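A quick write-up on the structure given underneath.
What follows is calculated from the coordinates using simple rules that are stated; it is not laboratory data. The structure displayed is predicted, hence computed values, not measured ones. Neighbour counts run over all protein chains shown; Cβ positions are idealised from the backbone, glycine included.
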Amino acid sequence: MRILVLGCGRVGSGLGYRLEVDRHDVTVIDRDRNAISRLGRGFSGRALVGDALSRATLEDGGIAEVDALAAVTGSDEVNAVVARLASSRYRVPRVVARMYEPRQAHLYGRLGALTISPVEWGVTRLASLLTQSELAEVTAIGGGAVLIMEITVSSSIAGKSAGELEIPGETKLVTITRAGRSFFGDPGVVLETGDLVGIAVSRGAEERLQTLLGRP
């Protein structure tokens, strides 16, 4: 894929390097020449110094031809503007914007832009780890319509089949991690204490899943 990354901070530089390792055609843009140096000498993609809000810079980076764009500058406003521009004017097939402010992420999500909020994800994940909840939310997809949750199998549900954790149209078991090995969860697999189960849950179905797990 041809991918344009706007912003070369820790996320942008790491993303650019990772995409290149995965053999994608990557261009990274940042207004700070020193930031570009984070890519290192081993980076063989394109690296441009310029303003992400400049149409000339974007077109020089190939925005009209790319398959995907990631707006990960340090500014929510810049990321939002560029994401909307890429989607509406240049018709980039896949656009993702990073938003530090969770409320901003929800706003642009409702407008159809794919967003990721590290702050919201981090807060949710830390809360789950600190409280050692059996059922922990990992992330949300589809504008928050579907939650990806992790379930640590306790003795209360060990012995059930994976299919018993599925509610038609509301939950779908995705993966099981057991003894350090992950595999797709066939409905007939019997769950064991300590298994880490990944399950997709429709927003609003969390309480029904809790009931299925035998939790109040």
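When DSSP beta bridges are restricted to pairs lying wholly in the chain, around 55% turn out antiparallel. Comparing mean-square fluctuations of G169, G74, G144 from a GNM of the chain with C-alpha springs under 10 Å, the top value falls on G169. In degrees between 0 and 90, to the nearest 10, how far off the longest principal axis of the chain does helix 118-131 point, with axes built from Cα atoms? It works out to around 30 degrees.
Within the listed set Y90, Y17, Y100, the Gaussian network model of the chain (springs between alpha-carbon atoms below 10 Å) gives the highest mean-square fluctuation for Y90. If R0 equals 25 Å, the separation of the Cβ atoms of E192 and I141 corresponds to a calculated FRET efficiency of about 0.35. Rounded to the nearest 20, the size of the Cβ-charge dipole of the stretch 2-116 about its Cα centre is 160 debye, with Lys and Arg at +1 and Asp and Glu at -1. Given springs between every Cα pair under 10 Å in a Gaussian network model of the chain, which of A162, A140, A179 has the largest fluctuation? For the chain, modelled as a Gaussian network with Cα springs under 10 Å, the answer is A179. Rounded to the nearest whole Hz, the Karplus-based 3J(HN,Hα) values (6.51 cos²θ - 1.76 cosθ + 1.60, θ = phi - 60°) of the stretch 64-72 follow the sequence 6, 10, 6, 8, 7, 9, 10, 9, 10, with x at glycine and proline.
For G50, what residues show an amide H to amide H distance below 5 Å, using hydrogens built from the backbone and excluding near sequence neighbours? Residues meeting the amide H criterion: D30, R31, D32.
Between V119 and S155, what FRET efficiency comes out of the Förster formula 1/(1 + (r/R0)^6) with R0 = 45 Å and r the beta carbon distance, rounded to 0.05? After rounding, the FRET efficiency stands at 0.80.
If R0 is taken as 35 Å, the Cβ-Cβ distance between E207 and E101 corresponds to a FRET efficiency of 0.75.
Taking the longest Cα principal axis of the chain as reference, the axis of helix 10-21 is set at about 90 degrees. Simple point charges give the picture: +1 on the Cβ of Lys and Arg, -1 on the Cβ of Asp and Glu, and for the chain a dipole about the Cα centre of about 500 debye.
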